[in-house]
1. What's the local net charge at Ser39, with K and R +1, D and E -1, over the other residues with C-beta under 13 Å away?
2. Could you check the simple spin-label distance between Lys67 and Ser51, using points 7 Å along Cα→Cβ, in nm with one decimal?
3. Quick check: residue separation of Glu23 and Val35 times 0.36 nm, minus the Cα distance between them. What number comes out in nm?
4. Return the long-range amide H neighbours of Phe70 (sequence gap of 5 or more, or a different chain), with a cut-off of under 5 Å between placed amide H atoms.
5. Considering only the other residues whose Cβ falls under 10 Å of the Cβ of Leu29, what net charge follows from Lys and Arg at +1 and Asp and Glu at -1?
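Bear in mind these aren't lab numbers, they're just calculated from the coordinates by the rules spelled out. All values derive from a computational prediction rather than experimental measurement. Note that we place each Cβ from the backbone using ideal geometry, even for glycine, and neighbour counts take in every protein chain shown.
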Amino acid sequence: MPSPYELSPYTSTNIPSVLYAQERTQAWLARKMGVSEASVSRVINGQHRISWQFVHRACSALGLPEKDLFVMPGDVRASTDNMHSDTPALLTA
């Protein structure tokens, strides 16, 4: 069911963080969604405007509610999800 709201061309998603957390790849997501890997990559990289159809398919494949797919203004998850506690700190002399 389409949303009555338009998605901004600047809409950011948590897809990379979700894929990492689920130990999945963009290729896996593309197969589950029935789209090309390039399509998933372009949406993630902001080169293609995300559609509600893409949102519904991605949420279905990832097992997420729609609200959890988006980065909200001021949300630090997008910038901190790439910092992993299991990554060793750099050693300095």
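1. Value of the local net charge: +4.
2. In this crude label model, Lys67 to Ser51 measures out at 2.7 nm.
3. Numbers: separation 12, 0.36 × 12 = 4.32 nm, distance 1.95 nm.
Computed gain between Glu23 and Val35 is 2.4 nm.
4. Residues meeting the amide H criterion: Asn14.
5. Working: positive: Arg24, Arg31, Lys32, Arg57; negative: Glu37.
Charge balance in the 10 Å sphere: +3.
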